[in-house]
Amino acid sequence: MGMSKSTVHGLIATLEKCGYMRQDPRSGKYSLGIRLFEMGQAYVSNLDLREIALLYLRELSIHYQETTHLAVLSGEEVVYIDKVDGPRSIGIRSQVGGRNPAYCTGVGKVLLSGLDERQIDSMYAGKTLKKYTENTVGDLAGLIHQIRQVREQGYAYDMEEFELDLRCIAAPVRDSEGAVIAAISLSGPSNRLLDTKMDDIAINLVKTALQISRRLGYKDKLK
């Protein structure tokens, strides 16, 4: 690699400290650490999640003829790990592997609702929340208020908060321990996702997210 021994030693020491490498105390040789195994397991879990969720995303997309997404949280952003375009779906700019800010997207607010409020404070304290549209939340207090509403009602809306003329409804997907690990959503133009339809879609989306969660081992209290 063209690096000096001291530089390589420093890099290896950091990797060892973070769990990505381990040193055999007898031979002094290095091998891969447990963190790489954990990352591999997380990757496999995401594959399982995608495989399970895909059928449900397709059913929602066909029923409402709009775009559906599956997303996970990565820092302050959401990462879309699957997407299904419906028969009437518009050219939504999201793409698998793409990222968007969490604070002003439906899936993002659902995923943030799974965090402790101290974590959200730490994530956004002292930062400016960019206003993508006039509907975008502008401060941390406003975001916390929205997150509390999401927890209470069990789903989130994006009412043209990230992009004008685009609305979204999102619901949480939980693992066997009840933790929010992903979010599913349905997105479409505001002239089709009317106020009168949003609640009905939200109810169906929550039911669908619950079905996915149960497939992942989640045991909800209501049977």
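This table checks each residue for (1) crowded, with 18+ Cβ neighbours inside 10 Å; (2) within 25 Å of residue 80 (Cβ to Cβ); (3) out of contact with any Lys or Arg (no Cβ under 7 Å at 6 or more places or on another chain).
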| site | (1), (2), (3) |
| --- | --- |
| 101 | no, yes, yes |
| 114 | yes, yes, yes |
| 141 | no, no, yes |
| 144 | no, yes, yes |
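For segment 114-130, the condition holds for at least one residue, the condition being that it is in contact with a Pro (Cβ under 8 Å, 6 or more places away or on another chain) and touching a residue at least 12 places away in the same chain (Cβ under 8 Å). Within segment 174-223, the only residue that satisfies the criterion of being closer than 12 Å to residue 64 by Cβ, part of a loop (DSSP other than H, G, I, E, B) and at pLDDT 90 or above is 192. Going through (1) farther than 23 Å from residue 204 by Cα; (2) modelled with pLDDT of 95 or more one by one, residue 135 falls short only on (2).
Apart from one condition, residue 154 fits all of (1) modelled with pLDDT under 90; (2) at positive phi; the exception is (1). Of the residues making up segment 57-106, just one is of a type in the set (Phe, Trp, Tyr) and in a loop (DSSP other than H, G, I, E, B), namely 103.
Listed by first and then second residue, the pairs with beta-carbon distance under 9 Å, at least 6 apart or on different chains, first residue in segment 169-185 and within 22 Å of residue 59 (Cα to Cα), second part of a strand (DSSP E or B) and of a type in the set (Phe, Trp, Tyr), are 169/157; 170/157. Right, residue 70: in contact with a helix residue (DSSP H, G or I) (Cβ under 8 Å, 6 or more places away or on another chain), modelled with pLDDT of 90 or more, buried (at least 21 other Cβ atoms within 10 Å of the Cβ) and not small (Gly, Ala, Ser) or not? Yes, satisfied. All of 154, 188 fail the test of being small (Gly, Ala, Ser) and surrounded by fewer than 18 Cβ atoms within 10 Å (Cβ to Cβ), apart from 154.
The values are calculated or read from the model by the stated rules, or taken from the named source; none is laboratory data. Note that the structure is predicted; figures quoted are calculated from it, not measured. Positions of Cβ are backbone-derived with ideal geometry, glycine not excepted, and every protein chain shown enters the neighbour counts.
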